[in-house]
1. Using a 7 Å offset from the Cα along the Cα-to-Cβ direction at both Ala366 and Asn194, what is the distance between the two label points in nm, to one decimal?
2. Of Trp477, Trp397, which has the most accessible area with a 1.4 Å probe, and how do the rest follow in descending order?
3. Over the chain, what is the relative contact order in percent, taking alpha-carbon pairs closer than 8 angstrom and at least six residues apart?
4. By the gyration tensor of its Cα atoms, with a ≥ b ≥ c the square roots of the eigenvalues, what is the shape of the chain: rounded for a/c under 1.5, prolate for a/b over b/c, or oblate?
5. Kindly provide the chymotrypsin sites (Phe, Trp or Tyr not before Pro) of region 159-268 that DSSP labels as loop, not H, G, I, E or B, and whose Cβ sees at most 16 other Cβ atoms within 10 Å.
6. For the chain, with the dipole built from +1 on Lys and Arg beta-carbon atoms and -1 on Asp and Glu ones, taken about the Cα centre, which of Ile466, Gln392, Val429 lies farthest toward the positive end?
7. Given a Förster distance of 35 angstrom, what is the FRET efficiency for Thr439 paired with Arg482, based on the Cβ-Cβ distance and rounded to 0.05?
8. May I ask which residue of Gln304, Val279, Gln327 lies farthest towards the positive end of the charge dipole of region 268-334, with charges of +1 (Lys, Arg) and -1 (Asp, Glu) on Cβ and the Cα centre as origin?
Amino acid sequence: MSLTQYGLTNHTLTSQRRSYWTLCPQHSSFGPPAEIATKEAQHSVDDSFGVQQRTFGSAAEPIQRNPDYSVLNSDDVSYFKSILGDNGVVQDKDRVAVANVDWMGKYKGASQLLLLPKSTNEVSKVLAYCDSRRLAVVPQGGNTGLVGGSVPVHDEVIVNLGGMDKIISFDNVNGILTCEAGCVLENLSTFVENEGFIMPLDLGAKGSCQIGGNISTNAGGLRFIRYGSLHGNVLGLEVVLANGTVLDMLTTLRKDNTGYDLKHLFVGSEGSLGIVTKVSILTPAKLPSTNVAFLSCNDYMSCQKLLLAARRSLGEILSAFEFMDRQCIDLAMTHLEGVHNPLPVSPYKFYVLIETTGSDESYDKAKLEAFLLRSMEDGLVADGVIAQDISQASNFWRIREGISEASVKVGAVYKYDLSIPVEKLYDIVEEMRSRVGDTAEVLGYGHLGDGNLHLNILSSKYSDNILAQIEPFVYEWTAGHRGSISAEHGLGLMKAEKIHYSKSPEAVQLMASIKKLMDPNSILNPYKVLPQSALSPEQG
Ligand SMILES: O=C(O)CC[C@@H](O)C(=O)O
Ligand SMILES: [Zn+2]
């Protein structure tokens, strides 16, 4: 038995990951890619503003607009212009339309106003005003989310942070970056790499997503297995609260046990408690040797065993362990340009991408090669290839990172982002396949090393029938296995009413109390994260 392509050249694969979701050319620092934004309109029910929209992928009836919110008027617009200037207040229908819709074309609001603040002070003035007028606000970063969290549901004012994109400082002794929230992740990556460091997170949307949005959604991504979550890597934040108060928690200290660590409230609360305006984040040292292998396995049990073996054999140099089923590879080959299957000889059931990153090139290579040969001898790996150069490594990553992008090209996609104990993780994919039969294609992939499954169900168009096969089954099954219905994408609009599948009534009630304390007029990102019933005035 041997690897299809075996042996590494002297290439060191350091910056092999390119960005696949690019900046929106029209708006340079925010919004989904323009071609996606245009295509999105095909799925929307109604393109006109001010009409209640129905969003797809949720079995629930459309959420009614809360009549307690004020309706935007011309005095409001004049006030915003006095704070942000004419360029910071966008009413142009085409530009607002881009910000109203998520990149999948699934969630679409009816806002008539997009605000582009350039400083914390401007965000503070905008929020203080909106709070006093009770105008609802949706904070927005790169708008690459998957749960409808970053677009309005009705006529909320959109506050996009893309204009706040300055790097404030970099401590190159400790690797601590301080920057504004609107910095695009890929730009930060390039910046810190030039200083000899890397960002602790990496995701397919890096070319558009912004660090403030990453923090607000507690984005996980491809480096989680090695560097852990943003709760660990974010050292400090500056946040503007709903009433305009600026909360300065922008510490760069590694250790600080003075009272409650409030920053954690804003990591993952999806802009519902405040708007993140500045960030300090720990960046790990960039290591000189990176290797990427693309492998196939005949069954899911082998993938699991391979993960355990990788943890044991590769230890600290393991930096990614991603898996995808055959359906994902087929999808990627059909819809992504310029990629090829590195293992085309026979179709396997599962594919695994393993990356190692370390400081000793010959040691790292030898370790990975020995591990792969042993895994083949043990029957865990059916076939495999180690990237010989940067372009091969890019191709491997392009396949894995491109699945999400390819999935929206089919027509309709129902996306679920689940944490499930690894030994059960693929069971739900198979059960889902037998439920939907040939009415939809079911894909399973994700961050196996973190127990995070991305379950995508694809069909040519959205249908209530298919949705009824999926929900509530997917949530009940996950809850029954003590999993999480949102591993890394957040709850947004899609799952706000489903939180009870993963959190106890007491926990939801405490969250609602925190929300009411911090945003008593409920202006920040309404209809998202928490169920409407928990936030009603009668509750608490
Ligand atoms: O689109 C999805 O379902 C997953 C997106 C992203 O989290 C990924 O890991 O590729
Ligand atoms: Zn993911």
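The values are calculated or read from the model by the stated rules, or taken from the named source; none is laboratory data. All values derive from a computational prediction rather than experimental measurement. Glycine also receives a Cβ, built like all others from the backbone with ideal geometry; neighbour counts cover every protein chain displayed. These area figures cover heavy atoms from the full protein model, side chains too; ligands, DNA and RNA do not enter into them. Shrake-Rupley method; radii C 1.70, N 1.55, O 1.52, S 1.80 Å.
1. So the two model labels end up 3.7 nm from each other.
2. Details: Trp477 25, Trp397 0 Å².
Heavy-atom accessible area, descending, gives Trp477, Trp397.
3. Details: 1166 pairs, mean separation 91.8, N = 540.
Relative contact order, the chain: 17 percent.
4. Details: a/c = 1.80, a/b = 1.42, b/c = 1.26.
It comes out prolate by the Cα gyration axes.
5. On the way: sites: Phe170, Phe191, Phe197, Phe224, Tyr227, Tyr260, Phe266; in loops: Tyr260.
Sparse-neighbourhood loop chymotrypsin sites (Phe, Trp or Tyr not before Pro): Tyr260.
6. Positive-end residue among those listed: Val429.
7. Here the calculated transfer efficiency is 0.75.
8. Result: Val279, furthest along the dipole toward the positive end.
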